[in-house]
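Following: one structure in structure tokens, then a few remarks.
Taken together, the values in this text are just the output of simple stated rules run on the coordinates, not laboratory data. Keep in mind that this is a model prediction, so the values were computed, not measured. All Cβ positions, glycine included, derive from the backbone under ideal geometry; neighbour counts span all protein chains shown.
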Amino acid sequence: MNKEIYISIDIETDGPCPGLNSMLSLGAVAFREGEGELGEFYANLELLPEAQPHPRTQTEFWSRFPKMYEATRQNTQDPAMVMKNFRSWVETLGGVPVAVAFPAGFDFSWIWYYSNRFDGGSPFSFSCIDMKTLAWVCLGGNYRHATKRNWPQHWFHPTISHNHYALDDAREQGYTFMKMLEHLRDQKRP
């Protein structure tokens with residue numbers, strides 16, 4: 001049986017809605033339980049010709065991170081090529097690919113839209129593990145309480161912090177996911 005490969009995905013966008021706005025960059029880092037990090041994928045995407053940046057995203061978000069925004073506009077590639085290359089990268093990993101994101105409702109919706117529009121379907125089928133939901137399962141209590149500020153410090157990467165560079169963020173989130181998975185496995189041991 002193939003082992004699951006957990007692919008932490010992080011995307012950066014110029015607005016909240018796939019298709020109306022554009023994905024700026026896609027970062028992904030693959031992990032396997034007991035093996036750690038297996039590989040990475042990163043690409044900056046050309047803007048969709050029919051989409052428009054959302055004004056609030058530009059003024060309330062990217063204005064606080066101008067260097068990170070500029071990084072997303074370097075070496076941009078055609079979205080169709082990016083999504084085909086992303087699928088190929090996922091397939092080279094072997095095993096069963098499982099998407100992981102924080103929050104899955106945002107990041108995965110973009111992967112779903114771009115994969116279906118440009119590559120005929122998602123390499124992850126219809127599903128993605130939401131890290132906030134997993135944190136809720138690990139920590140108990142109320143779902144709204146399961147925010148990052150309430151997660152145990154040892155779940156976080158010791159040197160990488162969330163900086164809105166998609167590859168760094170995917171790596172940091174993947175590390176955290178593996179710590180959560182370890183927590184769950186420890187809970188089930190006698």
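For the range 71-190, the calculated P(r), taken from all Cα-Cα distances in 5 Å bins from zero up to the bin holding the longest distance, is 2, 10, 16, 21, 20, 14, 10, 5, 1, 0, 0 percent.
The packing ranking of peptides 50-56, 117-123, highest mean first, is 117-123, 50-56, where packing means the average number of other beta carbon atoms within 10 angstrom of each residue. Ranked by the mean number of other Cβ atoms within 10 Å of their residues, highest first, the peptides 9-16, 147-154 come out as 9-16, 147-154. Sorting the Cα pairs of the range 6-52 by distance into bins of 5 Å, from 0 upward, gives 5, 22, 22, 15, 13, 10, 7, 3, 1 percent per bin.
Computed from backbone phi, the HN-Hα couplings of the range 37-51 come to 6, 10, x, 9, 9, 8, 7, 9, 10, 5, 5, 5, x, 8, 8 Hz, rounded to whole numbers (Karplus: 6.51 cos²θ - 1.76 cosθ + 1.60, θ = phi - 60°; Gly and Pro given as x).
Between residue 50 and residue 96, the contour length at 0.36 nm per residue exceeds the alpha carbon distance by 13.1 nm.
Hey, for a label at residue 106 modelled as a point 7 Å past Cα toward Cβ, could you say which residues of the range 23-40 have their backbone N under 18 Å away? Within reach of a label on residue 106: 23-29. Under 5 Å from the amide H of residue 54 lie the amide H atoms of 15, each residue being 5 or more positions distant or on a separate chain, with H modelled from the backbone and absent for Pro and chain starts. The HN-Hα couplings worked out from phi for the range 146-155 by the Karplus form 6.51 cos²θ - 1.76 cosθ + 1.60 (θ = phi - 60°) are 7, 8, 4, 5, 9, 7, x, 4, 6, 6 Hz, whole numbers, x standing for Gly and Pro. Summarising the overall dimensions of the range 68-125 from its C-alpha atoms, the Rg and Dmax are 12.3, 35 angstrom. Taking amide H as placed 1.01 Å from N in the peptide plane, residue 39 has its amide H under 5 Å from the amide H of 30, each at least 5 places away in sequence or on another chain. Considering only 162, 150, 173, and ranking their Cα positions along the charge dipole of the range 145-188 that arises from unit charges at the beta-carbon of Lys, Arg, Asp and Glu, the one farthest toward the positive end is 150. Between the amide H of residue 5 and those of 96, 98, distances stay under 5 Å, these residues lying 5 or more places away or on another chain, with hydrogens modeled in the peptide plane.
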